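The values are calculated or read from the model by the stated rules, or taken from the named source; none is laboratory data. No experiment lies behind these values; they were computed from the predicted model shown. Because the Cβ atoms are built from the backbone with ideal geometry, glycine has one as well, and the counts that use them run over all protein chains shown. For the accessible areas, the whole protein counts, side chains as well, though only heavy atoms, and no ligand, DNA or RNA atoms are used. Shrake-Rupley method; radii C 1.70, N 1.55, O 1.52, S 1.80 Å.
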Amino acid sequence: MLECQLLHRKMLPNKLISVTLFFFASSLLISTSFSAVLAPITKDHATRLYSLSVYLKTPPNLTNLLLDLGASFSWVDCSSNNYISSTYRTLYCDSPLCSALGSRACAKCFHSPSPDCSNNPCTLSPLNSVTHKSSTGKAIVDSLALPVTDGRNPGQLRSFSEFLLSCSKSSLLKGLTKGVTGLAGLGRSRFSLTAQVSTAFSSSRTFALCLSGSPSAPGVAFFGTPGPYYFLPEIDLSKTLRFTPLLLNPVQSDYFINLTSIKVNGVTVQLNRKILAVDEHGFGGTKLSTVTPYTLLHSSIYKALTETFVNQSTKLNLTVTNPVEPFKVCYNADEVMETRVGPAVPTVDLVMHGDDVFWRIFGSNSMVRIFRDGVNVWCLGFLDGGVKTKTSIIIGGHQMEDNLLQFDLRQQRLGFSSSVLVYNTTCSNFNFTTASNLS
């Protein structure tokens, strides 16, 4: 209740053109009965990271933020007087919301008041989740706007004025995708972007991600709706979901799932099941991460998985060739057949709380194509995370692309579609052309 009171104060070639027109057409702020909103997700192929496009400030400014599924709050670069908004205000140390944030520090400033400079502000520690560097920044609130949606198209913008986030220094952007000015935190927190949107719009505590691997067309994030999620040609992917419980980690705001085993072409990989569980100190288990390009595995899991995968590949007459860093298991591309769901290699099943509940990873998500300097190979896109990794399995962005993932925070469950290529669509096939009747 405290939170509610405080927060009250086949690819289409013209897809990028459609997105540009959609943002232009959505530039009018309106009152609306729609509670579901959305945002495009764009992949940067240089860093293999994803950005979320939202409207921040007044007047609304299209802002690209690094998409971090596990971060507990959002932050933006406020330095050098580059944060200009008529609606921002500083959150002060003695405010109840600052106490709720768990801030234990205040700060003083000896320059002219601005978003990154004021006296006695509530102080947070924004984190760059790629470089793992952090800084000190003051908490502010400002206007956030996102397009409404009926699940088929975006409509006009809907805003709320009390979006809480942290300022940061420009140096914290180092190592992130070019063009982003901060980070969008979607983690398990009262102050994540997802939680604040649900509270402000009185919408479902549900969001969904569909990451696109396309170099030219975005994926999409839906907030405040369990569906429908329509993708061309008129396929509602909410009907393809299987569900598994979301698990709480005592020390992390990431989303953990109850992965109990791994199978390759139906053959169970021999694993130490103890490290698949999260212990009382937050070690072990399986989480999802949009800031990890490829799935990272504890060394013992990686060794067992790759050995089983190679053995099963042999049955498909595939022979391992010279590895290409950072990958260790590679095959000549001209020896691998192509299918609708990617290269024809053994399937990898992530088995959840029951043998009949599994996330199937086809070749499009298990393999990475490397075609450069006379090399043309498919490599297994899983990496050795070492023996001291805090989390035993970190499911990375490549394995999530063209898979619809729904995070239902009311029922504490994850919905997953497995590859949507099976349904003759992709995550880049959401129709971003603005629907005029959505108002």
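Listing for the model above:
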read-out	value
Förster radius 60 Å - calculated FRET efficiency between Lys328 and Asn81, Cβ distance, rounded to 0.05	0.80
Cα-based convex hull, the stretch 235-423, per residue volume (Å³, whole number)	121
Rounded to the nearest 20 debye, dipole of the stretch 284-351 from Cβ charges on Lys, Arg, Asp, Glu	240
Share of pairwise Cα separations in the chain, more than 36 Å, in percent	27
Estimated FRET transfer efficiency when R0 is 51 angstrom, pair Asn120-Arg273 (beta carbons, to 0.05)	0.50
Per-bin percent of Cα-Cα distances, the stretch 379-419 [5 Å]	5, 18, 18, 21, 20, 12, 5, 0
Range of Cα positions in the stretch 155-290 per principal axis (Å), largest first	50, 43, 34
Ser99 versus Glu280: modelled label distance in nm, points set 7 Å from Cα along the beta carbon direction	3.0
In the stretch 37-223, lysine pairs with alpha-carbon atoms under 13 angstrom apart (chain gap of 8 or more, or interchain)	5
Cβ-derived FRET efficiency at R0 22 Å, Ala344 paired with Asn424, nearest 0.05	0.75
For the chain, with +1 on Lys and Arg beta carbons and -1 on Asp and Glu, the positive-most of Leu101, Pro121, Ser86 along the dipole	Pro121
Residue-normalised accessible area of the stretch 46-99, expressed per residue, 1.4 Å probe, Å²	39
Where trypsin sites (Lys or Arg not before Pro) fall in DSSP loop in the stretch 121-204, at most 14 other Cβ within 10 Å	Lys174, Lys178
Three-way shape call for the stretch 226-347 based on the alpha-carbon gyration tensor, with the a/c threshold at 1.5	oblate
Theoretical gain in end-to-end length, Val387 to Asp150 [0.36 nm per residue, Cα-Cα removed]	80.7 nm
P(r) histogram, all alpha-carbon pairs of the stretch 37-223 included - 10 Å bins from 0, percent	9, 39, 37, 13, 2, 0
Contour excess over end-to-end distance, with Cα ends at Arg89 and Ala46 and 0.36 nm allotted per residue	11.9 nm
Label-to-label distance, nm, for residues given as Ser134 and Ser216 (7 Å Cα→Cβ offset)	4.3
